[in-house]
Each structure stands twice: as C-alpha cells, then as structure tokens.
Amino acid sequence: MLDILRRIIQDINAARDLNEALGVIVAEVKTAIHTDVCSVYMTDAVRGEHVLMATDGLRPGAVGKVRLKLGQGLVGLAASRAEPVNVDDAPAHPAFRYVAATGEAPFHGFIGVPIIRRRKVLGVLAAQQRERRKYTADEESFLVTLAAQLAGCINQAEIRQALDRLNGGDALADTLFLEGVASARGLAIGEAVVVFPATALDRVPDKDIENPEAEASRFRQAVAAELAELQRLSERMRLLLSAGDRALFDAYALLLGSDSLVNGTLERIYAGNWAPGALRATVLEYANIFTEMNDPYLRERAADILDLGQRLLNRLQEAQAINRRYPDHTILMGDEISVSQLLDVPPEQLKGLVSVRGTGASHVALLARGLGVPAVFGVSNLPPGRLNGREVVVDGYTVRVCIQPSPALRQEYLKLIADEAELSRDLQHLRDLPAETPDGHRLELHANSGLFADIAAARDSGVQGVGLYRSELHFFLRDRFPGEEEQTTLYSRVLRMMEPHPVVLRTLDIGGDKPLPYFPIEEQNPFLGWRGIRISLDQPDLFKTQLRAMLRAGTAHPNLSILLPMISGIGELSEALELLREAQAELAEDGVVVRTPRVGIMVEVPSAVYQIEKLIRMVDFASIGSNDLTQYLLAVDRNNDRVAKLYDSLNPVVLAAIRHVIDQARAAGRPISVCGEMAGDPVGALLVMAMGVDSLSMNLGSLLKIKWLIRSVPYSEAQTLLAEVTDLDSAAAIRDRANAFLEQHGLSGLLRVGK
Ligand code: PEP
Ligand code: MG
C-alpha cells in the first residue's frame, strides 16, 4: 500500500492542473482498492455545497453538475463529522440521499473520507461498490492517509490554477493571497525577482569544446566582472560590516588575482574542457590542498576557494546573474534567500522579501528588520518558479503576500503605503521629545540592533540607547568565530557610536533556529536544546573571549551593559557571573583594568519567571524577551506555520507572566525592560507600559509610532485598560478591546502596526 501511495502522490505532483490531479487520484484509487467507483467532491464554501469534481465509475457527465448541500447525504456526513463514514449498505443509511444524475442507484458499499487541511474540510474522497461491501480497516486507513496528502496537493494545485487564471487576465479571478509564518513589518509593492540556488560547483560535468580561445575569453570576462563585483560588494558592506568582515572580499580578490586559480583554469580550457568544467577541476584541486593543511586557519580557506569558485560558476552560467539589473521596486523572492543575495540588491531598490523557507529569527529576517525592509517568511505554498516579474504586495503586518493585486486592491495598498510614509513624516517632530504620557509618566525608548547600519540610523533618529544588541548577527556574517581583537574593535565601535547613551550588548544567542554555519548543531528539538547561555557555559573559551572583548571595549566607553540570554536558573546565572569575574581577573593580570559593567538577564524562559525574585537580585537589570517567553509558555514553536495561530504575546497567560516579572523587578528596585517584538506592537507596548515597565526596546521602524502612542495616552487610562483586559480569556479579545481603546484616543493610524 505504501508503494502505491507513493506512486499516486508522485503522479499527482506531476499533474499539470487540479483537474488532471483529481483524475489521476480517482483512477488510481479505484484500481488500488478494487472498487467500482472512486470520486472526489470538493467543498464550495461560498455556495455551501459539495461539488462532484472527478469520478471514475459514475457518469462522467455528472462532474461539476452534482452538487450536494453541505451536510447532505453520506458525503455531507463525512464532511460535517470530519471523519470517515464507512457503510456496507448505503441506501439503508438514514443520511443517504439518492442523486439521479450520478447514476448511482445500484451502489451499496460506500466509504467517504474527509480531505482536511488546517482544520478546514476541503472535500471528500469517496469510494463505492455495486454490491454490499464494508471496506476493510486497511483500506480505510489507506484512504485517510491519501486524503491527508491530497489536502496539500489540492492546495498547491489550487494556487497554480489561481495563477493561471490571473495569467489569462480573468477579470473575476480572485486575488491570490498566500500566508507566511513570520515577517518583518511594513508594506511594499513591487516586481518579484526570483532567485534560485545555482548549480553546485561539484556537479558540473566536463564537456569538450571546439573553440578554446572563445571559451578562455568568456572565462576571463567572468573573472574581470567578479573582481569588479567584489569591489562593489565591499563598498556596499561598509555600513553593514566591520573592516575585519570585509577583509573576506579582499581575500577573494587576492585569490582571483593569483596565478594558480585563473591560470590553472585557463590551462584546462586550452586542453579542451569547457570553462565550467575547467573551473570545477581547478577549484576542487586547490580546495583539497588547503583542506589537507595542518593550520586550522589555512584549512578554512578551502571554503573561501569553493565559495569563490561557485561565484565564478554562477557568473559563467548567469544562473545567479549577480550583475543582474534589478527593477526600481524589487521584491526578492525564493525558496530560501541568502544574506549575499539580499545584499546584492542596491538598498534603494530593495523594497521587500518573500521566501518559502526561513523564519522570523533567521539572520536574513533579522537583517531585513534591521534594514527596515518588509518581508514575509515561511510561505510554504509559494511557487517562486512561476512568479518572476509579477507584481507582488508584501504585507508584513498581516504576514501575507498578495500576487498580482486587482487594480482596486493595488490602489488600496498604494494608499496604505502612502499613509504610512506620511505618518512617519508627521512623526518626525517627535524625534527629540521624551516618551512621556500626558500625565507625566516617562519611559525610555531604545532600539534593537545588530548591525552598524541600524546603529547609525538609531543614533541619527534620536533614540536613548540600544536596548538589545544581538551580537550573534556579526557571527552569522562571518565564516568563523571572530577573535578577541576583532570583537573588541567591533564592540568599541558600537559603544562609541551611541555614546553617551547606554548600549546593552547581549552575549551570543545561537542554537535554536539560529545555528552558525561554521558551528553546526544537529538536534531533534533545537529550541529545547543547546541554545544561548547553555552553549556559552559549555564552551567557556568562546564565552570568555566574548566577555573579555566586551569588557575591553567598556574600558574606554562606560555606556556598556552586558545581557545574558536564555537564563533558566540560579546555578546557570551564578556560573555565567563567575566566568565574567574570571574574564575580568584575567584582564587585570594582563594589566588591563576594566570597569565592572552593568549586567542583566533576559527573562524569556518560564523557569526564570518563577524565580525572578532571586535572579533579579543577582544582577543589575532584566529585559523580557517576549518572543521566546511566548513560545515557551504556550509551547508553540514561533516558526512553525502549523501552530502559528496559537502564538500571540497578548495571550493572557503571557501577560500575567510579564506582569509578575515587572512587579518583582520593581519590588527589588531593578530596572526592567521589554525587548521582544511586543515592545514595538502598539497594544503590547500600551499594556506593558501600564504594568510599569521602565523601558522598551524595539526595531527602529516602530519607535516613533510607539512614542506617539505614549505621548497620547494618559498613564492612568492605560492602567484602567489593563485592569479591564486582565479578566479577558483570549488574546483576540484583549486585542479587540485595546484596539477600540486606541481608536478612542485618535490612534487608529497605529492599528495596522498590530499583529
Ligand atoms: C526574545 O526572545 O524576545 C528576544 C528579544 O530575543 P530573540 O528574538 O533574539 O530570541
Ligand atoms: Mg530570545
């Protein structure tokens, strides 16, 4: 059965459209379970009917004509119960309905299995037998398994069909919205530019050529173009990467200038191989030489050579079209988008990002947020191959992508984008005003950061500090762990840029869904695994290098605070503090006298919530990581689209936990902030302000909006709202009530910023 199942699924996927796929299913299932009839009914929710869409065994003319009201007949029963109905004598069943058009009078055995996707019944897969027949348990589970697979295929096929309708200029075609799981907030409209992974270098075959001169010239052109490109990339990254990080590009340029790689390839070309094949052979040869070296640094250069070889190959094949011309409003789209693909688009032309895979915490996502580019990730049913050049709307607020919006919808989006730009302009006058409520309650607003570009922007937009510097971002942009010197330079620069405002440097928070490419971690359950401080404590060498670099940067810049991620217990915190003391003592032995920095913990694990009274007294401050706290309290993976609906930081339980932490921190006289996404969500910000949080740290894009909110709502009224929503049972109810409150305060312009 399993083999048959696999074959049917393959055949469905190979079908050109939904009708063909359904035709395949009914024919193959009929044979597989030796039955007289197999049919698929699809649910038409608008008309409230189940429509016969495909059959093998009933009269073909009945397809599209037989329509059963929802809940009618045995098909309706399977759908409404959302479970299989298996009866040996259908006409004897009270729910049986005779439908003449199907010509089904003579059938007795009946089995109907609902086709369900995400709680929605899409249709029913049914089989019938002329004689009485009770389908066996095996047959039933075969159909159930097939129906579950079918649900995904139907969804894909429907999307393909919707795209075809849009292609055909069908005026009545519905607008196609595709949902993602995570986003970078904002709205953008533009032209999809689809990027594909290039052919892997080691898969390139050899091929004989007749004109080596022409092939050599093609290769030389590729090398020259790549050199120019590296120069361009190095320039573009000036704002994003430190000089150390950019040194990678210089190293590539050196490699390209060296005789061995270029000449080695040319020799092979003149010997009769085509350029890609000659390149592959040369690059692999040199990479192998480096791989076998003893020096670990040189060994790692093998990866550079391979990467450079891949870039040259892309250029030769123009698969990646590195020097491609991007439209003025580029929406970058792909199965997975890499950091270099993102950085390849000139920043002023990059308007949005969409990817099939990837999550809100991937480093491309963090980069997109840092750069203020709206994005939607995890659009699992996106067919990038069919979208190049189409107009696309990226709606990072509703976490949706709209393909080829109708003229009316397009107008609506353009208006929203214009409104947003206008709102941002209008809010500029708040830049230098304090975040203070009309009745005199003041908060500090800080920026979340991780790149030079957003630090520069934060400094220029008058924020009062960086409340969360995600140090791991720099580790992602490199090809190995940065050393102490390099990190010291980096942190010094960050601290200097923000001086005299405070900067909270968070120690490495890798693991979970953020593994470093050069430090792979294979785990069954990464969010519950080796993550954040757990890695730092197990790898004291890495941790102390980072701490020493931070401390050294702090000698000249007193605005340093250090934040420890993922703290889940007292022992863990004691150990981390002990390592910090050791790092300090080691530096003193080396003659470097460092200041003792302010040290804080992230509260993002439930166990930290329930011992906050003790933890908070061991440190100087705490910051609530609502992103992780929400996922751990609700047991909802924040990147899993199947459970995304359950993930909401306004869940009453999450709010209660946050309130407890804020109360305890205040009782202990320690400053407390919120630095998760919730701080930039108007409703979230409003509620935690009412709870008495001291500061909020968020993406720069939300900052003035939240300042507007704070300056518009009296603290006492926010507290009344908090008291009112405390008894509500769901996040949705809380959001509705808070949205109404915002509207009453003339803040409806903020509402789109909500979840
Ligand atoms: C959080 O968990 O809320 C947080 C700010 O940390 P990160 O998103 O980097 O995990
Ligand atoms: Mg976190």
Handout entry: Largest-first principal axis extents of the Cα set of region 420-484 (Å)
Key = 50, 28, 16
Problem - P(r) histogram, all alpha-carbon pairs of region 526-574 included - 10 Å bins from 0, percent - result: 23, 48, 26, 4
Fill in the blank from the handout: Here the averaged projected area of region 82-218, based on the convex hull of its alpha-carbon atoms and given in nm², is 18.5 nm²
Problem - Between 0 and 90°, nearest 10: helix 540-556 axis offset from the chain longest Cα axis - result: 50 degrees
Fill in the blank from the handout: Relative contact order in percent for region 2-167 (Cα pairs under 8 Å, 6+ apart) equals 21 percent
Practice task
For region 257-308, state what percent of all Cα-Cα pairs lands in each successive 10 Å bin, counting from 0 Å until the bin that includes the largest distance.
Solution key: 27, 49, 21, 3
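Just the Kirkwood number for region 582-623, please: inverse of mean 1/r across all distinct Cα pairs, in Å, one decimal.
12.0 Å
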Problem - Reference-scaled alpha-carbon Rg (2.2 N^0.38 Å with N residues) for region 82-147 - result: 1.13
Problem - Förster-model FRET efficiency, 60 Å R0, Glu613 and Glu210, C-beta, rounded to 0.05 - result: 0.15
Problem - Rotationally averaged projected area of region 439-750 (alpha carbon convex hull; nm²) - result: 15.7 nm²
Practice task
May I ask for the distance between the Cα centers of region 585-625 and region 517-566, given as a whole number of Å?
Solution key: 13 Å
Handout entry: the chain: angle of helix 259-270 to the longest principal axis, Cα-based, in degrees nearest 10
Key = 30 degrees
Exercise for the section: List the relative contact order of the chain as a percent without decimals, with contacts defined as Cα pairs under 8 Å and 6+ residues apart. Expected result: 10 percent
Handout entry: Viscosity 0.890 mPa s, 25 °C: Kirkwood-radius Stokes-Einstein D of region 2-167 over Cα pairs, µm²/s
Key = 157 µm²/s
Exercise for the section: Using every pair of alpha-carbon atoms in region 520-609, split the distances into 10 Å bins beginning at 0 and state the percent of pairs per bin, rounded to integers. Expected result: 16, 46, 29, 9, 1
Problem - Coordinate range along principal axes, alpha carbons of region 327-456, Å, largest first - result: 55, 36, 25
Practice task
Quote the FRET efficiency, to the nearest 0.05, computed for Leu70 versus Ser712 with a Förster distance R0 of 45 Å and r equal to the Cβ-Cβ distance.
Solution key: 0.45
Completion exercise
Between Arg737 and Thr145, the two model label points (7 Å from Cα along the beta-carbon direction) sit apart by a distance in nm of 4.9 nm
Fill in the blank from the handout: Per residue convex hull volume, Cα only, region 389-499, in Å³ is 171 Å³
Problem - When region 1-90 is reduced to its Cα atoms, the Kirkwood hydrodynamic radius in Å - result: 14.0 Å
Exercise for the section: Grab the beta carbon distance between Leu579 and Ala635, set R0 = 35 Å, and tell me the FRET efficiency rounded to 0.05. Expected result: 0.70
Handout entry: Percent RCO, i.e. relative contact order, over region 502-626, from Cα pairs under 8 Å lying at least 6 residues apart
Key = 26 percent
Practice task
In whole angstrom, note down how far apart the Cα centers of region 140-155 and region 1-30 are.
Solution key: 10 Å
Practice task
List the extent of the Cα atoms of the chain along each of their three principal axes, largest first, rounded to whole Å.
Solution key: 95, 82, 50
Fill in the blank from the handout: Check: C-alpha center region 431-494 vs C-alpha center region 108-125, spacing in Å is 53 Å
Fill in the blank from the handout: Between His446 and residues 5 or more places away or on another chain, the pairs with built amide H atoms under 5 Å apart involve Leu696, Ser697, Met698
Fill in the blank from the handout: Kirkwood calc, region 606-705, C-alpha pairs only, radius in angstrom 13.7 Å
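Every read-out reported here was derived from the displayed coordinates using simple, explicitly stated rules and does not represent laboratory data. Computed from a prediction, not measured in an experiment: that's the story for all the values here. As a convention, Cβ positions derive from the backbone with ideal geometry for all residues, glycine included, and neighbour counts pool all protein chains shown.
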